[in-house]
Amino acid sequence: MNVGRPVPRAGTGAQESYAPELLYATFNQDYGCFAIGTQTGFRIFNSDPYKEKMRREFKDGGIGMVAMLYRSNYLAFVGGGRNPRFPPNKVMLWDDASSKIIAELEFRSDVLNVQLQRDRIVVVLRNKCIVCSLEAKPRHLHAFETADNDRGAMAISGGSESGILVFPGRQKGHIQIVDLHSCINLSGMQEAASPVAVHSLATPQQAGVGIQRTRSRSKGSFSIESNGTPASPPLAATVHPTNINIIAAHATSLSALAVSSDGAMVASASEKGTLIRIFDTMSGRLLHELRRGVDRADIYSIAFSPDNTRLCVSSDKGTVHIFNLEAKQSAAQQSAAAAAAAGNRQSNLKFMKDLLPKYFSSEWSFAHFRVANEVRCICGFGSERNSVVVLCADGTAQKYSFDSYRGSCVREWYRKFI
């Protein structure tokens with residue numbers, strides 16, 4: 001989440017609370033850690049229980065975007081703030097074990113989003129989604145054209161065995177789905193293993209992340225032209241996906257995307273912000289239509305629970321909504337499970353859904369809460385099943401627990417991280 005100085009809300013002229021030194025906040029792939037970019041560096045925290053794990057302060061500028069690779073020493077940076085440490089059109093690959101940049105990727109336009117996954121770096125430009133290999137000398141793998149994507153909407157599955165990438169299609173409101181593991185190498189050569197060593201910020205078991213443990217500290221760099229192709233592309237590194245699925249998800253432009261950890265489901269919200277739709281990534285079938293509300297809203301984050309049975313959504317309304325995604329059960333099964341979990345709320349007129357507008361057939365959240373100070377935030381699930389951790393633009397982390405049957409929510413703790 002870009003948490004730079006916010007724009008006053010229309011019609012109010014009021015300025016929401018924010019932390020001037022905070023530029024960016026994001027969770028890692030399993031929500032177990034989060035990272036922030038500041039005017040002078042970056043910091044990493046354990047989410048739940050809350051604890052600062054490390055910080056790095058730079059004398060020569062700020063970090064406007066940071067991406068984590070699980071709990072490893074590998075991070076990606078983009079400069080930002082009053083005095084950016086790096087240009088906004090460059091992605092810098094940082095090895096915290098050696099405290100230095102080991103690779104850089106330069107583009108012809110500003111980087112709007114970057115994520116890391118096992119052996120891939122995914123970069124979003126205004127009209128491009130570019131995939132490169134995650135290694136000391138990154139190689140260009142794919143370049144996909146998209147509709148205007150000023151919000152940098154993109155998501156990639158966090159599970160170690162999945163490689164589902166989702167991003168906007170060429171048409172407004174469409175989603176492109178690519179299975180990065182189904183790629184073929186046109187030159188007939190195997191992709192090289194990533195020659196970087198990975199060290200853990202936590203336990204050795206959490207640091208594997210699919211990168212080979214051979215050591216190389218050479219610094220790699222390449223430039224990407226405006227058409228999305230590398231300046232000097234090696235033929236042997238050219239690979240293409242065997243299949244791209246396209247889903248017509250919304251009538252207006254996409255504002256947020258999320259993928260379940262196993263890559264089986266994709267969740268999307270449009271710039272209207274009233275509905276969240278969930279699709280099967282293989283068939284494109286609509287699985288759920290979830291209603292956040294009836295008023296327009298900016299959706300800042302969508303997150304699947306680790307077991308893919310819940311979804312949480314945060315918006316500029318200062319609220320977080322929690323939905324149940326468990327498959328519809330028979331009446332007998334619902335009766336037996338009623339004490340364990342509640343379903344999403346629905347209209348009493350749902351039985352007339354074929355005659356009435358879609359509003360009456362949508363599912364509503366079974367639990368929701370309003371964060372302290374009603375500021376912009378992103379959300380992720382806590383270490384306990386019925387808990388959510390939110391990171392707010394005012395520099396606070398907050399944990400909320402919810403009753404899976406009644407839907408009531410209680411704030412467990414509130415911490416100032418900057």
Let me spell out the model: positive unit charges on the Cβ of Lys and Arg, negative unit charges on the Cβ of Asp and Glu, origin at the Cα centre of region 54-127. What dipole size does that give, in debye rounded to 20?
140 debye
Compare Asp30, Asp95 by solvent-accessible area with a 1.4 Å probe and give them largest first, with all protein chains kept in place.
Asp30, Asp95
Efficiency of FRET between Ala372 and Ile244 - r from beta-carbon atoms, R0 60 angstrom, step 0.05
0.90
Solvent accessible area, Å² - His368, 1.4 Å probe, full protein context:
100 Å²
Glu384-Glu57 FRET efficiency (beta carbon distance; Förster radius 45 Å; 0.05 resolution):
0.85
Can you give the FRET efficiency for Glu21 and Arg296, using 1/(1 + (r/R0)^6), R0 = 30 Å, r = Cβ-Cβ distance, to the nearest 0.05?
0.50
Mean accessible area per residue over region 48-133 (1.4 angstrom probe, all protein chains present, square angstrom) is 35 Å²
What the Cα atoms of region 44-153 span along the principal axes, largest first and in whole Å, is 40, 32, 28
GluC sites (Glu not before Pro) in region 76-161 lying in a DSSP loop, each with at most 12 other Cβ atoms within 10 Å of its Cβ, come to Glu161
Could you sort Tyr70, Tyr414 by accessible area so the largest value comes first, with the probe set to 1.4 Å?
Tyr414, Tyr70
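The values are calculated or read from the model by the stated rules, or taken from the named source; none is laboratory data. Given the structure is predicted, the values throughout are model-derived calculations rather than measurements. In this analysis, Cβ positions are derived from the backbone assuming ideal geometry, glycine residues included, and neighbour counts consider all displayed protein chains. Side chains included, ligands, DNA and RNA excluded: accessible areas come from the protein's heavy atoms. Shrake-Rupley method; radii C 1.70, N 1.55, O 1.52, S 1.80 Å.
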